[in-house]
1. Ignoring ligands, DNA and RNA, what percent of the accessible area of the range 22-142 is carbon or sulfur (1.4 Å)?
2. Got a sec to turn the phi values of the range 84-92 into Karplus ³J(HN,Hα) couplings, 6.51 cos²θ - 1.76 cosθ + 1.60 with θ = phi - 60°, whole Hz, x for Gly and Pro?
Amino acid sequence: LVTSIGGFVGLALGLGSQDAAKSFVAGVSLLWRQPFAVGDAIEIPSLKVFGKLLQFGIFNSVIEDLDGRPVTVPNAALAAGAVVNRSRARLRLCRLDILVMPPSSSQLRSFLEDARRNVGGSVNISSITCDGVGITAKVMVKNDATFDATKGDLYAKLLESAEKHEVELSFEKRIVLQPPASE
C-alpha cells in the first residue's frame with residue numbers, strides 16, 4: 001500500500017513538473033523570439049482571451065481582459081497555439097454597435113444610406129428587437145495614436161446622420177477593437 005501511494009505521489013510530481021518544464025521552455029523561447037511585449041494588445045483564440053499583456057514571466061504571463069480582470073496564462077499555452085498581436089497590425093477594425101429607434105422604415109433606410117456615405121465603411125442592421133434596431137458600423141483605421149480620435153469621429157458621424165433623418169440613437173452599446181477580419 002505504501003509503495004502504491006509512493007508511486008502515485010511520484011507520478012503526480014512528475015506530471016506537475018513536466019507542465020512547469022514546458023512553461024519554462026516556452027517562456028525562454030518566447031523571450032528569445034519576442035512575438036509580443038508588455039503593453040501589447042494580444043488575443044489567444046484557443047483560450048478565448050483578448051486583452052493587454054500586463055506581465056511576461058518565465059512560467060506564466062498576465063493579460064488584462066476587456067473587463068479589466070487579470071488572466072494568468074501558462075507560457076506553454078502561449079507557445080502552443082496561435083497568438084494574435086493586434087498592436088503590431090498596420091490597420092484595425094473599429095466596430096461600433098448602437099441601438100436606434102427610427103419612427104418609420106423609410107427613415108431607417110435613409111439614415112442607413114446617409115450613414116454609409118458619412119462613415120466610409122459599412123453600416124448594417126445587426127438586430128431588431130422590441131427596444132429598437134441594432135446597427136453595426138465598421139471602419140478600417142490606422143493602428144496609431146489617431147485611433148481613439150477615429151472612434152469618436154465614427155460615433156459623431158452616426159449621430160449626425162441620425163439627427164438629419166430624425167432617428168433617435170438610444171445608447172452606445174460597445175466599441176470593439178479588432179484586427180482586420182476576413183468576411
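1. Carbon with sulfur: 56 percent of the solvent-accessible area.
2. So the Karplus estimates, Gly and Pro as x, are 9, 9, 6, 6, 9, 6, 6, 10, 10 Hz.
The values are calculated or read from the model by the stated rules, or taken from the named source; none is laboratory data. Predicted model only: the values in this text are computed from it and were never measured. The protein model used for the area step is the full one, side chains on, heavy atoms only, and it has no ligands, DNA or RNA in it. Shrake-Rupley method; radii C 1.70, N 1.55, O 1.52, S 1.80 Å.
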